[in-house]
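Following: one structure in structure tokens, then a few remarks.
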Amino acid sequence: MGTTLRALRALLLLAGFYLLGVLLLAALAGADYLLLLHAPTSLAGKLIIVSVLLAIPLVQGLFMLRTPREEESAGLPVTESDEPELWRKVRELANEVGTAAPSRIVLTADVNAAVSEDARLLGLRAGPRRLYLGVPLLQGLSQAQLRAVLAHELGHYSNSDTRLAALTVRGRAQVLRTIRHFEQRADNTAAREQARQEKKNAKAEAKGKQAKEVDTGHAGITYRAMAKIYIGYAKLYFRATQSVSRRQEYAADTAAARIAGRDATASALREIPVLSGSFDFYMNCYATLGTGQELLPPRGEMFGGFGRMLNGRRLELVEMRGDLPTGPTSPYDSHPPIADRVRRIEELPDDGRADEDRGAALDLLTDPHRTLTELEDAVLTEAVRGFRRTADWQELLDEVMAKSFRAGSTPLHRAYAEYTGEQPTLPALLDLVEDGRLWELAKRLPLSEEAAAAQGRVFREFVRPTLHRSLKSMALAELNERGLLRWEFSWERSAIPRPPRDAQGNETDLDEAVAPAVTDAPDTTALRALLAREPEPQGSPRGAM
């Protein structure tokens, strides 16, 4: 399908959105006319009021003609003087693809690369182009793999995909905005009705009358009805544009394989979902570890640490590369399943280009640390940029853990206070364990329905793992409170709590110390021995950074 035909198809789909609203209004007007001719006056008046209520959201939808101008994604624009090698690579690839290079490159903090074009005349005339390139990709890909990614994105330019994207995306955005508008109006109406009924009930109760059950089932029903109609059109729209979008992805993959090589393209496609999952893990478990306490890692490390984590967890990543996602994220995903794309590329003939550009893609940047630092300033909000920076990752971990494991903060602390009515401490809990009352206390812990309903030995087996975890958390909190605990930071694994060593210099495994205390014949000796130890001297060896 040529560019003109694809533009016409996208235009017709967008026009169908407005035509749907006009047809619905016409249907309502026709129904009102028939009511006035044939229905009793009283009934016709009531039904016309209902049709007016239905027409209001339709008219509002039709007047939502203007889609807000798309803002440039948050990122760090880099000029050719900033990053000459990156620009040289992009221009070289654009020439090989047979298209014009982008006029702007923006580095982002996403595991993604994308292109856009401010096309004119419904996509028939080219416009300024932008290339968005995620720095996490540069941290995880080789230069050969990056060539494949860039060739794929530039391939969209050569096929005029980006010219039509503005029109297609506008249609998608318009339908979704209208649906959200109707649903929001319905929710607001339901909220007002709930508030009205609750206020009425409060007055009734004040007079000694019985309150009625709050029922908002009919509130906002006209808006929800219109939303359902447009949801149906949205499904049609997405399915109609999906096949074209997927063919565009396959064509861009083929262009990447031709220019960057079969193996580099296939390995890049395998690597991106791995990097995406790894980056989510990194952001949750490392980069944002201290945001709850308004703490950040050192300057440049918010995104810079991702590369070190990838290096530290190389073996885990090898296993992840073999498990490709086999399906799209939704039935309307514009991209084909990644496993299908990899299969198509790997079925191509061997082109003998397996050893090209093995260097790290990050080396294309003039000063990676400077770029990572400037990227933070570009994408973090002003409030987050104001958080205190720690000297290193170990300090960040120490401060967060010190506040996270406060005495009295664990489920077992709360269960003990509820069970005994006394101040919870670990020594007091160990006394209770030795008295044989641990399993009664365990009933106050958050339990599954199945565990809570069990009795005797079955109950103990159900609850033992939960009790083990809870007692370990309480022990960590107590050791932390007494200054007997340090944490080992590592890129290779989760942070490890290190209790003080025994008199012979041996480390204690906290799980092994806890386990005897939650048996049917509990033994608290190991835990009591831990509490009797002295803090280790300052400057004792810490974990890898």
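The values are calculated or read from the model by the stated rules, or taken from the named source; none is laboratory data. Nothing here was measured: the structure is a model prediction, and the numbers come from that model. In this analysis, Cβ positions are derived from the backbone assuming ideal geometry, glycine residues included, and neighbour counts consider all displayed protein chains. Ligands, DNA and RNA are excluded from the accessible area calculation, which covers all protein heavy atoms including side chains. Shrake-Rupley method; radii C 1.70, N 1.55, O 1.52, S 1.80 Å.
A quick yes/no check of all residues on (1) more than 20 Å from residue 412 (Cβ to Cβ); (2) not β-branched (Val, Ile, Thr):
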| position | (1), (2) |
| --- | --- |
| 444 | no, yes |
| 452 | no, yes |
| 468 | no, yes |
| 498 | yes, yes |
| 512 | no, yes |
| 516 | no, yes |
| 524 | no, no |
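Residue check: residue 410 meets all listed conditions (1) within 19 Å of residue 282 (Cβ to Cβ); (2) crowded, with 17+ Cβ neighbours inside 10 Å but one, namely (1).
Given the structure, is residue 317 open to solvent by less than 70 Å² (accessible area, probe 1.4 Å), modelled with pLDDT under 80 and more than 19 Å from residue 396 (Cβ to Cβ)?
Details: open to solvent by less than 70 Å² (accessible area, probe 1.4 Å): yes; modelled with pLDDT under 80: no; more than 19 Å from residue 396 (Cβ to Cβ): yes.
No.
If you check 19, 25 for being assigned to a helix (DSSP H, G or I), modelled with pLDDT of 65 or more, closer than 30 Å to residue 247 by Cα and open to solvent by 30 Å² or more (accessible area, probe 1.4 Å), only one passes: 19. For the stretch 366-385, name all the residues that are out of contact with any strand residue (DSSP E or B) (no Cβ under 8 Å at 6 or more places or on another chain), over 27 Å from residue 494 (Cα atoms) and not acidic (Asp, Glu). The answer is 366, 370, 381, 383.
Report, by residue number, each residue of the stretch 268-315 that is among the small types (Gly, Ala, Ser), in contact with a helix residue (DSSP H, G or I) (Cβ under 6 Å, 6 or more places away or on another chain) and within 30 Å of residue 350 (Cβ to Cβ).
Kept after step one, since they are among the small types (Gly, Ala, Ser), are these residues of the stretch 268-315: 268, 276-278, 287, 290, 292, 300, 304-305, 307, 312.
Checking the rest, the ones that are also in contact with a helix residue (DSSP H, G or I) (Cβ under 6 Å, 6 or more places away or on another chain) come to 268, 287, 290, 300, 304-305, 307.
Within the stretch 268-315, just 268 meets the criteria.
Within the stretch 154-167, the only residue that satisfies the criterion of being at pLDDT 60 or above and open to solvent by 20 Å² or more (accessible area, probe 1.4 Å) is 158.
Within the stretch 237-244, can one find any residue that is in contact (Cβ under 8 Å) with a residue 24 or more places away in the chain and in contact with a His (Cβ under 8 Å, 6 or more places away or on another chain)? No; the residues of the stretch 237-244 include none that is in contact (Cβ under 8 Å) with a residue 24 or more places away in the chain and in contact with a His (Cβ under 8 Å, 6 or more places away or on another chain).
In this entry, residue 257 passes the filter for residues that are small (Gly, Ala, Ser) and part of a helix (DSSP H, G or I). Screening residue 220 with (1) free of Cβ contacts under 8 Å to residues at least 60 places away in the same chain; (2) closer than 30 Å to residue 348 by Cβ; (3) open to solvent by less than 20 Å² (accessible area, probe 1.4 Å) gives one miss only, at (2). Sub-7 Å Cβ pairs linking a first residue in the stretch 60-88 that is within 23 Å of residue 101 (Cβ to Cβ) and open to solvent by 60 Å² or more (accessible area, probe 1.4 Å) to a second residue that is polar (S, T, N, Q) and modelled with pLDDT under 60, at least 6 apart or interchain, number zero. Residues in the stretch 372-403 that are among the charged types (D, E, K, R), in a helix (DSSP H, G or I) and farther than 20 Å from residue 487 by Cα: how many? The qualifying residues number 5. Taken across the stretch 275-293, residues that are at pLDDT 90 or above, charged (D, E, K, R), open to solvent by 20 Å² or more (accessible area, probe 1.4 Å) and closer than 30 Å to residue 494 by Cβ do occur, with at least one present.
When 196, 247, 192 are screened for being in contact (Cβ under 8 Å) with a residue 12 or more places away in the chain, open to solvent by 50 Å² or more (accessible area, probe 1.4 Å), assigned to a helix (DSSP H, G or I) and of a type in the set (D, E, K, R), only 192 passes.
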